Amino acid sequence: ITDQAAIRAAAPKEPPREFSVSVRQSLNDPPILTATDIKTNASTVIWDPNPQFAGIRLGQAAVYKWRDRDGNEWSGGLLKPPDFVAGRRYPLVIQTHGFNEKEFLTDGAYPTAMAARPIAARGMLVLQLGNIPISPAEMSTPKETDIVSQGYLTAIDQLNVDGLIDPRRVGIIGFSRTGWHVLTSLLKAPDYFAAATLADCTYISFGEYAANADYGGPGRAKNIASAMGVEPFGKGLNKWIADSAGFNTDKIHTPILYQFNHPTSLIYAWDMYALMR
């Protein structure tokens, strides 16, 4: 035993191995935790948090790009059903709140109201909206919602030209700020949408303005007024009556599912929901 210990002590010691640890994923590959030997570049999987995905047929997602009528370039993730058949026209659901082309596309950038792969598994196409070509000066002005609404409509037109969708069966999901964008689209182009979801949204309505003047503070109320371009008093009220969705619910004929995760968001939407009901 003593001789063996001496031999081991005299043997040259291997230098410590260095590894880098990272998460690997793509639009169609679920995230896994890997370790890579810095010297040999050999990688091994440390942890697969979703081994059950190996037994599930997932539709293919790809980056989809188009241009609006002003020449602005848009992009998003287009997810197809697992049994997609070329030449068949599918229902379309537009999810409006963020896209990262380097991440596995599951439900959406936010889980609230979004369900990209489950929806695709029911035989629909899903377009997950990404970049919004808006300058800082156009944010929180009437120009913002005009630009975004045009992006939605031209995406539908392009997918129709590509022969991928049935334009009579298009749904759209608004969450948080994009609820305002979706409502504007339903008012300006009602024939484009068969159904919509509004989940925990801002509506840029007078009721939301009034609630925020008290609950959210004057800064939040002023941001809502900025989105309309004027405060809702005096002559400014005429513009609100003409343009705000809250004063034009009679012009919205698309079925809408309202979703609320908190009493505050319910209060913000109450005038819109009650009038439409």
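The values are calculated or read from the model by the stated rules, or taken from the named source; none is laboratory data. Please read all numbers here as calculations on a predicted model, not as lab measurements. Please note: Cβ atoms are built from the backbone with ideal geometry, for glycine as well, and neighbour counts cover all protein chains shown. What goes into the accessible areas is simple: the full protein's heavy atoms, side chains included, and nothing from ligands, DNA or RNA. Shrake-Rupley method; radii C 1.70, N 1.55, O 1.52, S 1.80 Å.
Only one entry in Tyr215, Tyr203, Tyr209, Tyr192 is open to solvent by 50 Å² or more (accessible area, probe 1.4 Å), modelled with pLDDT under 95 and not basic (Lys, Arg), namely Tyr215. Go through segment 117-130 and give me each residue that's surrounded by fewer than 23 Cβ atoms within 10 Å (Cβ to Cβ) and either under 13 Å from the mean Cα position of the chain (by Cα) or of a type in the set (D, E, K, R) (or both). Arg117, Arg122, Gly130 - these are the residues of segment 117-130 that are surrounded by fewer than 23 Cβ atoms within 10 Å (Cβ to Cβ) and either under 13 Å from the mean Cα position of the chain (by Cα) or of a type in the set (D, E, K, R) (or both). Of all residues in segment 163-204, those that are assigned to a helix (DSSP H, G or I) and out of contact with any helix residue (DSSP H, G or I) (no Cβ under 9 Å at 6 or more places or on another chain) total 1. Checked against the criterion of being open to solvent by less than 70 Å² (accessible area, probe 1.4 Å) and in contact (Cβ under 8 Å) with a residue 12 or more places away in the chain, the candidates Val85, Val93 yield just one match: Val93. Restricted to segment 131-162, and to residues there that are in a loop (DSSP other than H, G, I, E, B) and under 18 Å from His97 (Cα atoms), the residue that is most open to solvent (accessible area, probe 1.4 Å) is Met139.
Cβ-Cβ contacts under 6 Å between residues 6 or more apart (or on different chains), taken from a first residue in segment 138-149 that is without any contact (Cβ under 8 Å) to a residue 24 or more places away in the chain to a second residue that is in a helix (DSSP H, G or I), are listed as Glu138/Glu144.
Flag set for Arg24, criterion: more than 30 Å from Ile134 (Cα to Cα), open to solvent by 100 Å² or more (accessible area, probe 1.4 Å) and either of a type outside the set (A, V, I, L, M) or touching a residue at least 24 places away in the same chain (Cβ under 8 Å) (or both). Pairs are defined by a Cβ separation below 6 Å, a sequence spacing of at least 6 or placement on different chains, a first member in segment 31-60 that is over 21 Å from Thr106 (Cβ atoms), and a second member that is open to solvent by 60 Å² or more (accessible area, probe 1.4 Å) and of a type in the set (D, E, K, R); the pairs so defined are Ile38/Glu18. Considering segment 32-59 alone, what residues qualify as being under 22 Å from the mean Cα position of the chain (by Cα) and either modelled with pLDDT of 95 or more or open to solvent by less than 40 Å² (accessible area, probe 1.4 Å) (or both)? The answer is Gly59, and nothing else. Among the residues of segment 231-277, the one identified as open to solvent by less than 60 Å² (accessible area, probe 1.4 Å), without any contact (Cβ under 8 Å) to a residue 24 or more places away in the chain and either within 17 Å of Cys201 (Cα to Cα) or under 23 Å from the mean Cα position of the chain (by Cα) (or both) is Ala274.
Within the set Gly207, Gly219, the sole residue that is touching a helix residue (DSSP H, G or I) at 6+ places or on another chain (Cβ under 6 Å) and in a helix (DSSP H, G or I) turns out to be Gly207.
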